[in-house]
Amino acid sequence: MANVAARRNKAGEVSSYQVRWREGGVRTGEQQTERFDDEDSAIVFRDAFDEAGSTGPQAG
């Protein structure tokens, strides 16, 4: 399962969104991230990621 976190700059303004997940979908998996400029894109990525069974983005 992936989650979306707002990233804030020094002024406290949201500057980007980060999708985070653990490799292989397990607690001991290495943490992975992907950065997005807008929340909608981050949510679309997260939902597609979770629908794919938490396998992460595929290279290619």
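The values are calculated or read from the model by the stated rules, or taken from the named source; none is laboratory data. Computed from a predicted model, the values in this text were never measured in an experiment. Cβ: placed from backbone, ideal geometry, glycine included. Neighbour counts: every protein chain shown.
Among residues of region 32-49 that are surrounded by fewer than 17 Cβ atoms within 10 Å (Cβ to Cβ), those with a Cβ under 8 angstrom from a residue that is assigned to a helix (DSSP H, G or I), sequence gap 6+ or separate chain, pair up as Gln32/Glu23. Cβ-Cβ under 8 Å, sequence separation 6+ or interchain: first residue in region 13-25 and under 11 Å from Ser41 (Cβ atoms) and in contact (Cβ under 8 Å) with a residue 24 or more places away in the chain, partner of a type in the set (A, V, I, L, M) and surrounded by 15 or more Cβ atoms within 10 Å (Cβ to Cβ). Which pairs? From region 13-25, the pairs are Tyr17/Val4; Tyr17/Ala42; Val19/Ala2; Val19/Val4; Val19/Ala42. Of all residues in region 18-30, those satisfying the criterion of being under 15 Å from Arg7 (Cβ atoms) and either touching a helix residue (DSSP H, G or I) at 6+ places or on another chain (Cβ under 8 Å) or of a type in the set (Phe, Trp, Tyr) (or both) are Gln18, Val19.
Looking only at region 17-31, residues that are loosely packed, with under 13 Cβ neighbours inside 10 Å and among the basic types (Lys, Arg) come to 1 in all.
Just name the residue that is modelled with the highest pLDDT out of those in region 17-52 that are among the aliphatic types (A, V, I, L, M) and not in a helix (DSSP H, G or I). Break it down into steps so the answer makes sense when it comes.
Within region 17-52, the first condition is being among the aliphatic types (A, V, I, L, M), and the residues that meet it are 19, 26, 42-44, 48, 52.
This time we only want the ones that are not in a helix (DSSP H, G or I), so: 19, 26, 52.
On the way: Val19: 95, Val26: 78, Ala52: 83.
Among them, the one singled out is Val19.
State yes or no: is Val14 among the hydrophobic types (A, V, I, L, M, F, W, C), at pLDDT below 90 and surrounded by fewer than 13 Cβ atoms within 10 Å (Cβ to Cβ)? Show your work before the answer.
On the way: among the hydrophobic types (A, V, I, L, M, F, W, C): yes; at pLDDT below 90: no; surrounded by fewer than 13 Cβ atoms within 10 Å (Cβ to Cβ): yes.
Spelling it out, it is not the case that Val14 is among the hydrophobic types (A, V, I, L, M, F, W, C), at pLDDT below 90 and surrounded by fewer than 13 Cβ atoms within 10 Å (Cβ to Cβ).
Taking the criterion of being under 16 Å from Gly53 (Cα atoms) and either of a type in the set (Val, Ile, Thr) or part of a strand (DSSP E or B) (or both), the only residue of region 1-16 that qualifies is Asn3.
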